[in-house]
Structures are given as C-alpha cells and as structure tokens.
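> This is the structure, below, for whatever I ask next.
The values are calculated or read from the model by the stated rules, or taken from the named source; none is laboratory data. The structure presented is a predicted model; accordingly, all values stated were derived computationally and were not measured. Every residue, glycine as well, gets a Cβ built from its backbone with ideal geometry; the counts of neighbours run over all protein chains shown. All accessible areas refer to the heavy atoms of the entire protein, side chains included, with ligands and DNA or RNA removed. Shrake-Rupley method; radii C 1.70, N 1.55, O 1.52, S 1.80 Å.
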Amino acid sequence: MNTVAADPAGAYTLRHADDCLMLSHRLAEWSSRAPTLEEDVALTNIALDLLGQARALYTRTAELDGTGRGEDDYAFLREEREFVNCLLVEQENGDFATTVVRQLLFSTYQLETWKALSASTDTTVAAIAAKAVKEVTYHLDHATQWTLRLGDGTAESHRRMQAALERLWPYTSELFETDAATDELVARGVAADPALLRIAWTACVEPVLREATLEPASTSWTPTGGRRGLHTECFGYMLAEMQHLHRSHPGARW
Amino acid sequence: MSNEVGEPLWEVFIRSRRGLSHNHVGSLHAPDAQMALRNARDVFTRRMEGISIWVIPSAEITASSPDERDPFFEPAADKAYRHPTFYDIPKEVRQL
C-alpha cells in the first residue's frame, strides 16, 4: 500500500504530535471544572493551542511516513501501543497544583524543542515550530506565574506544589532520552538534540523552582516507555474516553 | 468584591487597534495585577480583539451615585447650545 518510502522523521514528528494531543486532552478535562471561570478559559485556550499544533504535526507525519493517514486516523483509530507520547503529558490532572507543575515541566521542554526546531532542515517542521514558539511562550508564562504564586504562597499551596513536583519529576528524564533514529535525525539537522534540550530545560526550570521555594525531587526512579508505546495505567482510560465517540459513530460530524 | 476563592475584581480595558483609546470590555477576578492581565488576555482577546490591555482594581474606581443623577446630569438636558449643531459645515470637510 505504501508507495512512498517512510522517512524516519515521521516517527519523530509523531512523538511530538502525540505529546500535543494528549496534553490537550488532559487540559480539556478541566473545562467547566477549573477553580475559577478565568482559569477555565485559560486552560482550554492552551488545550486548543496544543490541538492546533498536533493537527499540523499529524499532517506532516502523514507526508513523512507515506501512509496518507488523516488527523482523525492518528487520533481516533490507533491503539494504545501505537501512541508514542511521553509519560509526563498523560499523567492525570490531579489537583490544580499537579496541573500547574505538569505544565511548567512540559512547556519548558516544549518551548526549547520548538525553538530548536525552528531551525530544522525540514522546513515544514520549522514553520510549525516557529508558530508554536509564540503559543508555548505564553503557556510557560502562565505556568510560571502560578508556580511562583502557589509555591511561595500559603503553607497549603506550597505543600500541594511540592507534592506535585515530587510526583511528576521522575517523568522528566524520559523527555531527554535518545535513540539511534533520533541521533541520526539530529545529525541530519531535522531533530533537536536531546542533550542540548536537557541543558536548556534545566537552566529554565531550576530558577523558577528556586524562586517558588520548591525543591526538585531527588529520585533515581526514571520511568520510561512512552516513546515505544508503553504507557502508564491512566492512559488507557483517557484514550477510551477520547476515542469512544469516533469509534461508536464512525464518520460522525458536528 | 471577591469570588469564592477570595480573588479581587478587576476592570478590563482593551485597545482594539493603534490610534484608538482603551475601551471598557468587562471585569474578571484575579489574585493580583499580573494575573489579571493574563486572565484578560485569555478571556477577552481570544478573537484578536486587542493589541493592548489595561486592568484596574474595581475597588479603585470612584463611581457617581444613582442618587446624584439629577444634579449631575439633568442640568445638561436643556442646553442645546452646547451641541455644535449651529455651524454650517463646509462641503470640503468630509469627516468631522
């Protein structure tokens, strides 16, 4: 069926597309449930930004992997093991502190990724990244503002933020993993170098945590597997909810 | 005036484009001025409504009272000469 040779870059763009889609879905779960009306709109705005990035990346992935799949095929008709998002973005919303910490850790990673990919030799990816930089700059600002206020806020807000950081911190090591395919794409100038991303990420996250009086968790547990389709327990439930309508009513439209 | 989580109320003013003045568009809750700006961005500029935002604590606004309506506004009702309606406008002036 495949008439075009698959470019390994397609596997790379798929990872980022899945990151965007899954975090978008998690943030959309806050819709009508956020602490205030204003925050409700803020979180769903971020969700919609990420959904837009996912759509562009799925379209590019379809060109690269030569399958000609559409956005809906990627989002609704793949099984759990076929999703290659990182584990961090699929983690449950928890309390508001958990959502804020997840956003801080991921948006910092994503901003550095998009900055680097703005110079990708894949000009389509570079264009997607350049547009996304502006959006994610705001996502990170939003998360940073809340991290500072809640981390350095009341005893209760500090306790919740610290607890969220300790729960989610282990999932950050996966963001900077590399493999043979990624190394090759870095050499081609298509992908961002995970080692450089880690340096930039650390330089951005640490000062924010320090100012927010929060301590990075000290743990040697480094869960991994998302990039190979091995997800945490909560993922299947989220996927079932996300795909249910499309699979029950194929081709349903608004 | 605060919401259920104790955040004060802010009035939001937005300038839709360069050269126009900021207009009042609504109010919202936020814990402080910086968060109020961000909330205003999220709530009121989702459809490219503006290029500049002001937020002002609602508590800082001094408003006229409905009780003062007559002494404040009624006296202007019969001062037609204050309106520039008695001037002939030259044809050459297209916009005034």
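> Picking from A:Val190, A:Val205, which residue would you name as being assigned to a helix (DSSP H, G or I) and buried (at least 18 other Cβ atoms within 10 Å of the Cβ)?
Values: A:Val190 fails: assigned to a helix (DSSP H, G or I).
That would be A:Val205, the only listed residue that is assigned to a helix (DSSP H, G or I) and buried (at least 18 other Cβ atoms within 10 Å of the Cβ).
> Please verify whether A:Val133 is aliphatic (A, V, I, L, M), touching a helix residue (DSSP H, G or I) at 6+ places or on another chain (Cβ under 7 Å), open to solvent by 20 Å² or more (accessible area, probe 1.4 Å) and without any contact (Cβ under 8 Å) to a residue 24 or more places away in the chain, treating the condition exactly as stated. Full working, then the answer.
Numbers: aliphatic (A, V, I, L, M): yes; touching a helix residue (DSSP H, G or I) at 6+ places or on another chain (Cβ under 7 Å): yes; open to solvent by 20 Å² or more (accessible area, probe 1.4 Å): yes; without any contact (Cβ under 8 Å) to a residue 24 or more places away in the chain: yes.
So A:Val133 fits the description; yes.
> Moving to a separate point now. Does the range A:24-72 hold any residues that are polar (S, T, N, Q), over 18 Å from A:Asn93 (Cα atoms), open to solvent by 20 Å² or more (accessible area, probe 1.4 Å) and assigned to a helix (DSSP H, G or I), and which are they? Please lay out each step first, then the result.
First, the residues of the range A:24-72 that are polar (S, T, N, Q): A:24, A:31-32, A:36, A:44-45, A:53, A:59, A:61, A:67.
Imposing the further condition that a residue be over 18 Å from A:Asn93 (Cα atoms) reduces the set to A:53, A:59, A:61, A:67.
Add one more test, that the residue is open to solvent by 20 Å² or more (accessible area, probe 1.4 Å), and what stays is A:59, A:67.
A:Thr59 - this is the single residue of the range A:24-72 that is polar (S, T, N, Q), over 18 Å from A:Asn93 (Cα atoms), open to solvent by 20 Å² or more (accessible area, probe 1.4 Å) and assigned to a helix (DSSP H, G or I).
> Could you tell me which of the residues A:Ala116, A:Ala143, A:Ala181, A:Ala164 is within 14 Å of another protein chain (Cβ to nearest Cβ) and either in contact (Cβ under 8 Å) with a residue 12 or more places away in the chain or crowded, with 16+ Cβ neighbours inside 10 Å (or both)?
Unique residue meeting the criteria: A:Ala143.
> Please work out which one of (1) farther than 20 Å from A:Ala9 by Cα; (2) open to solvent by 10 Å² or more (accessible area, probe 1.4 Å); (3) away from chain B (no Cβ under 14 Å) is the condition A:Ala195 fails and give its number.
Condition (1) is where A:Ala195 drops out.
> For the range B:16-66, which positions are among the acidic types (Asp, Glu) and either farther than 28 Å from A:Asp152 by Cβ or open to solvent by 50 Å² or more (accessible area, probe 1.4 Å) (or both)? Can you show your working first?
Of the residues in the range B:16-66, the ones among the acidic types (Asp, Glu) are B:32, B:42, B:49, B:60.
Within the range B:16-66, B:Glu49, B:Glu60 meet the criteria.
> A follow-up question, please. Can you confirm whether the range A:218-237 contains a residue that is on the phi > 0 side of the Ramachandran plot and either open to solvent by less than 20 Å² (accessible area, probe 1.4 Å) or not aromatic (Phe, Trp, Tyr) (or both)?
Taking the range A:218-237 as the starting set, the residues that turn out to be on the phi > 0 side of the Ramachandran plot are A:225, A:229.
Filter once more, so that each one left must be either open to solvent by less than 20 Å² (accessible area, probe 1.4 Å) or not aromatic (Phe, Trp, Tyr) (or both): A:225, A:229.
The answer is yes; a qualifying residue exists.
> Can you tell me which of A:Val89, A:Val101, A:Val84 is away from chain B (no Cβ under 14 Å), open to solvent by less than 40 Å² (accessible area, probe 1.4 Å), in contact with a helix residue (DSSP H, G or I) (Cβ under 7 Å, 6 or more places away or on another chain) and outside any helix (DSSP H, G or I)?
Working: A:Val89 fails: outside any helix (DSSP H, G or I); A:Val101 fails: outside any helix (DSSP H, G or I).
One residue alone meets the criteria, A:Val84.
> Here is a follow-up. In the range B:1-53, how many residues are within 11 Å of chain A (Cβ to nearest Cβ) and assigned to a loop (DSSP other than H, G, I, E, B)?
So the count comes out to 10.
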